[in-house]
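Worksheet: one structure, shown below.
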Amino acid sequence: MATQFDLFRISVVATRRPSLFATVEEKDSYMEKIFSQNWQFEHRKTTFDYVYIKNSHQRIIARIGRARLIEYHSAPERGFEREQMPAWQASTLVIDPTDHADGHKLGFEVNPQIGNGFSILKSMIRHINNLIDSPFELEINPINNPGTFFSFVEKSESPISYLSITFTPPNGLWTAGSSAREEVKQIVNNTGATKVKTTVSNPNGLDTSSNGLKDAVDYAESGSGSIKARTVSGTKYNSDASQKSAIVSGESAEVHQNVMINPQQALGQN
């Protein structure tokens, strides 16, 4: 038995100029503060609760859950009548709130009873951003398995005719010399944008061999954005479908105990 944790990157975007790119300490402090609180939010007309559990090895452990009605049958003397009772379903979250080469990272326990992790987390982040008067906003993106986009390009029978990459401003997580990172930073500093979207198209096909494009794709796949593409023949690509995961071995109860002791494994950092 094993439990899967889907991996996400959280970007902390400073929204009030001139400090669009705040210090590492300011961002880490904000992450720690936000995810050490309890939140109740709406997702698709259903109320969800985010509950802080503990801080272990500088990783925040929490759970997201919702109430559901469970159907069951009554005792024989009551004719096995069908009845319902309220119960809670929850997923464990592990968050690394620190800024380093693989930081500002979140692992979400996959649980079909809860729903799609990315969709739920986007609703929670939207709620937090709307509720708090803060100089920061949070953005979240799936971390993709590296090289997935170019693998799609190589396997496609026709060239890419449409490519759109949406970037979230950097947290300082990526190579300082990356042309994509520096370009996004310059645009954000000049305009105050919290997202930057680049779209290119050519009905006869695009050249996808440039180093600049590789930098941009690597940047997005690290959890700093999303990629959508379409080939000349109409085959589509969406980076959200190639999400990276961490696997924690063991029975369900054992997994949760292990995560409490060693939360890094749910982030693929062990």
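No value in this document is a laboratory result; all are computed from the given coordinates. Computed from a predicted model, the values in this text were never measured in an experiment. Note that each Cβ is placed from the backbone with ideal geometry, even for glycine, and that neighbours are counted across all protein chains shown.
Over all alpha-carbon pairs in region 205-270, figure out the percentage whose distance exceeds 19 Å.
Tail fraction, whole percent: 54.
May I have the extent of the alpha carbons of region 97-177 along their three principal axes, as whole Å values ordered from largest to smallest?
Cα spread of region 97-177 along its principal axes, largest to smallest: 48, 41, 23 Å.
Do me a favour and compute the ellipsoid semi-axes for region 66-136 from its Cα gyration tensor, root of five times each eigenvalue, largest one first, whole Å. If you can, show how the numbers build up before the last one.
Working: eigenvalues 308, 46, 14 Å².
With the √(5λ) rule applied to region 66-136, the semi-axes are 39, 15, 8 Å.
Please grab the % of Cα pairs in the chain that end up more than 25 Å from each other.
Of the Cα pairs, 51 percent sit more than 25 Å apart.
Please list, in order along region 45-60, the HN-Hα scalar couplings obtained from phi with the Karplus expression 6.51 cos²θ - 1.76 cosθ + 1.60 (θ = phi - 60°), rounded to whole Hz, x for Gly and Pro.
Once rounded to whole Hz, the list reads 6, 10, 7, 10, 10, 9, 10, 6, 9, 6, 10, 9, 6, 6, 10, 8.
Taking the number of other C-beta atoms within 10 Å as the exposure measure, put LYS27, LYS214 in order starting with the fewest. Please report the intermediate quantities before stating the final value.
Details: LYS27 24, LYS214 16.
By the 10 Å Cβ count, ascending: LYS214, LYS27.
For n ≥ 4 DSSP H runs only, could you compute -39500 (n - 2.57) per run for the chain, divide by its residues and tell me the 222 nm figure to the nearest 500?
That comes out to -7500 deg cm²/dmol.
Compute the relative contact order of the chain as a whole-number percentage, counting only Cα pairs closer than 8 Å that sit 6 or more residues apart in sequence.
Details: 534 pairs, mean separation 70.1, N = 270.
Result for the chain is 26 percent.
Just in region 7-92: which chymotrypsin sites (Phe, Trp or Tyr not before Pro) are loop by DSSP and have at most 11 other Cβ atoms within 10 Å?
Passing sites in region 7-92 are PHE80.
Taking the Cβ of each residue in GLU254, GLU71 as the centre, tally the other Cβ atoms inside 10 Å and list the residues starting with the fewest.
Least to most surrounded, the residues fall as GLU71, GLU254.
Round to a whole angstrom and tell me the spacing of the C-alpha centers of region 91-163 and region 199-270.
So the two Cα centres are separated by 8 Å.
Here are some pairs, LYS105/LYS244; LYS197/LYS236; LYS155/LYS214; LYS105/LYS236; LYS54/LYS244; LYS155/LYS228; which of them have Cα atoms lying more than 21 Å apart in this structure? Provide the component values of the computation, followed by the final result.
On the way: LYS105/LYS244 12 Å; LYS197/LYS236 18 Å; LYS155/LYS214 17 Å; LYS105/LYS236 28 Å; LYS54/LYS244 25 Å; LYS155/LYS228 16 Å.
Violating the 21 Å limit, Cα to Cα: LYS105/LYS236; LYS54/LYS244.
Let me spell out the model: positive unit charges on the Cβ of Lys and Arg, negative unit charges on the Cβ of Asp and Glu, origin at the Cα centre of the chain. What dipole size does that give, in debye rounded to 20?
Roughly 580 debye, rounded to the nearest 20.
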